[in-house]
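Structure first, commentary second.
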Amino acid sequence: MTDALAENPAQTDLPPGAPLGTALALGGFLLGGALEQKIGDALVKRFGPLLTAKVPSLGTVVFVMDPAHIRSMVSAPSGSLVSGRGNAILGFLYGRTSMFLVDGAPHHRLRRLLVPPFRNKDTLAQYGQVMEEVANELLDEMPLGRPFALLPALRHGMLEIILRVVFGVEEEARLAPFRAAFTELLDISTAASTSVRFALRGIVSLKKWQRLQDTLRVSDGLIYSEIARRRNDPETETRDDILALLLRTRTEDGDLLSDVEIRDQLVTLLIAGHETTATTLAWAFERVLRTPSALARLQAELEAGGHEYADAVVSETLRLRPPIPVFSREVAGDFTLGGYKLPKGTMLVGNIGYIHQREDLYEGPQAFRPERFLGRRHELGVYAPFGGGLHSCIGNHFAALEVRVFLQVMLKRGQFVVPRKAAERIQRQTILNLPARGARVILRGRSPDHVYPGRADSKA
Ligand code: HEM
């Protein structure tokens, strides 16, 4: 590995790759799971940790398969790498001003605005209370005594949290239309057909996709009327939801953000924060319920109080089953990686899913062992489920809290078992790693009393 990491003296423009390498890299990616890992190992052995592939609709792609190069990728100076085409796949949903799609000063401004509420201890504590309430409500609605897939229920729970925390919608009558419209929008964002349509966009105009147009018309209509309503609501000055914050904010020139800018950030947060978190939580249940030692230790902690082990469960889930196993950048200026001065327009894909299971970086990488995260942090690049650098996930603390709170509430009140001992396969859907059967469980019983693990007077 050291040799492969050494600077390449030839200074060629692109790292090695070959039609066979491309076919294997893409085939492995589509397959996911243990076979993908084996293919990844073989490719690294043959080509080194940087592999060039030509991908239809994305062009020249360099797969980055080792921590050192991931670190170079995320610490690249502003302007040399941009978010680029990888994020543009869902650009028609996010909107042109989405923080996913912009770079430089406009991106920096949006991050300065949005990062604090998602990382500040006090706002997180308030959002945590909403999460506890939703987790309790969700558990109350789950069927008893028969197998069911957790993932759809968890998606519903995550949407509920975003509606309350991001959009600030709380009254039942107003929640219903949002739920319906956003469920459809989120379906489109994860549907396999969406990336196919993106790939064919030169041939088939996305504007002619009727389902997309209908969905956007309804959801944008709701969002814009909510923005108008809230602009005239005196409570907007004092509320803590993200929409209120965006409405109060002024740009450096003293202007308010435009309706379009606000709409684009709201949709970005909705899509970025929904399926990722629901999938992580589904995997956490899938793994914990099949790892008796982890379940016992988690339950003991629930009795005693504290959340150190629960946090380690979240981290280990994100290592072993990162919901999005890749993140990307596009070369926009001078950028050298591993000695290769990459041409502008090259897309870099950080293969986190592969790195998280490399045997030389993790002992027994296939095993679910939360203990590896107890009292220690793993170096950036070795562990990077939230990407890194200028475009790193702004919802990382929020998401980790969400997963932990749901695990705590549901395992404290509910007795869950799995209908089958065999692990659920990873199903690759676009760039998501889903549990193939949706994390099926049986809820044997549940205590009627709601629990609030984060409240000072609660023991859980
Ligand atoms: C377990 C759940 C989550 C995972 C695994 C995850 C993962 C990621 C990853 C890999 C990226 C790309 C980072 C990069 O390119 O360096 C990202 C970006 C982003 N995520 Fe998350 N995410 C999660 C939850 C959330 C939540 C809950 C929110 C907010 C509600 C959120 C908002 C965002 C935003 C806005 C970006 C774009 C940041 C930028 O481009 O500056 N994510 N996320």
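Read-outs: derived from the displayed coordinates by stated rules, not from any lab. The structure displayed is predicted, hence computed values, not measured ones. Heads up, the Cβs are rebuilt from the backbone with ideal geometry, glycines too, and the neighbour counts pull from every protein chain shown.
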- Item | Cα-based Lys pair tally, the chain, threshold under 30 Å, eight or more apart or on separate chains | 15
- Note on the structure: Once normalised by the length of region 406-460, the mean sequence separation of its alpha carbon contacts under 8 Å that are 6 or more apart gives a contact order in percent of 42
- What residues from region 281-311 fall in the zone where the backbone N is under 12 Å from a label point 7 Å along the Cα-to-C-beta line of residue 367? 293-294
- Query: What is the gain in length, in nm to one decimal, between residue 20 and residue 108 on full extension, counting 0.36 nm per residue of separation less the C-alpha to C-alpha distance?
  - Reply: 27.7 nm
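Rounded, prolate or oblate, given the Cα gyration tensor of region 78-142, with a/c below 1.5 counting as rounded?
oblate
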- Query: With point charges of +1 on the Cβ of Lys and Arg and -1 on the Cβ of Asp and Glu, referenced to the Cα centre of the chain, which listed residue (395, 407, 145) lies farthest in the positive direction of the dipole?
  - Reply: 145
- Evaluated at 20 °C and 1.002 mPa s, the Stokes-Einstein D of region 338-415 based on the Kirkwood radius over Cα pairs, in µm²/s, stands at 137
- FRET efficiency estimate (nearest 0.05) - Cβ-Cβ, residue 300 to residue 239, R0 51 angstrom: 0.85
- Cβ-placed point charges (K, R +1; D, E -1), dipole of the chain about Cα centre in debye, nearest 20: 1260
- Message: Please report the net charge: other residues with Cβ closer than 15 Å to the Cβ of residue 41, K and R +1, D and E -1.
- Response: 0
- Note on the structure: Binned at 5 Å from zero, the C-alpha pair distances of region 298-384 give percents of 3, 13, 18, 18, 13, 12, 9, 7, 3, 2, 2, 0
- Once the dipole of region 205-273 is set up with Lys and Arg at +1 and Asp and Glu at -1 on Cβ about the Cα centre, which of 272, 210, 249 lies farthest towards its positive end? 210
- Query: Which FRET efficiency value, to the nearest 0.05, is calculated for residue 141 and residue 293 with the Förster distance at 22 angstrom and r the Cβ-Cβ distance?
  - Reply: 0.15
- How many angstrom separate the Cα center of region 416-450 from the Cα center of region 340-359? 31
- Message: Explain nothing, just compute: Karplus ³J(HN,Hα) = 6.51 cos²θ - 1.76 cosθ + 1.60, θ = phi - 60°, for every residue of region 325-340 in order, whole Hz, x for Gly and Pro.
- Response: x, 9, 9, 9, 9, 10, 6, 10, x, 5, 8, 10, 10, x, x, 9
- Beta bridges per DSSP with both ends in region 2-446, % antiparallel, nearest 5: 80
- Message: Rounded to two decimals, what is the ratio between the C-alpha radius of gyration of region 361-460 and 2.2 N^0.38 Å?
- Response: 1.33
- The alpha-carbon center of region 154-193 and that of region 297-321 are separated, in whole Å, by 27
- Query: What distance in nm separates the simple spin-label points at residue 224 and residue 420, each placed 7 Å from Cα in the Cβ direction?
  - Reply: 4.8
- Treat each spin label as a single point 7 Å out from the Cα along the C-beta direction, and report the residue 396 to residue 211 distance in nm. 3.5
- Other-chain or far-sequence residues with amide H under 5 Å of residue 335's (modelled H): 342
- Message: Please compute the alpha carbon radius of gyration of the chain, then divide it by the globular-protein estimate 2.2 N^0.38 Å. Two decimals is fine.
- Response: 0.98
- How high is the FRET efficiency from residue 172 to residue 336, r the C-beta distance, R0 60 Å, rounded to 0.05? 0.60
- Dividing the mean separation of Cα pairs under 8 Å (6+ apart) by the residue count of region 2-446 yields a relative contact order in percent of 28
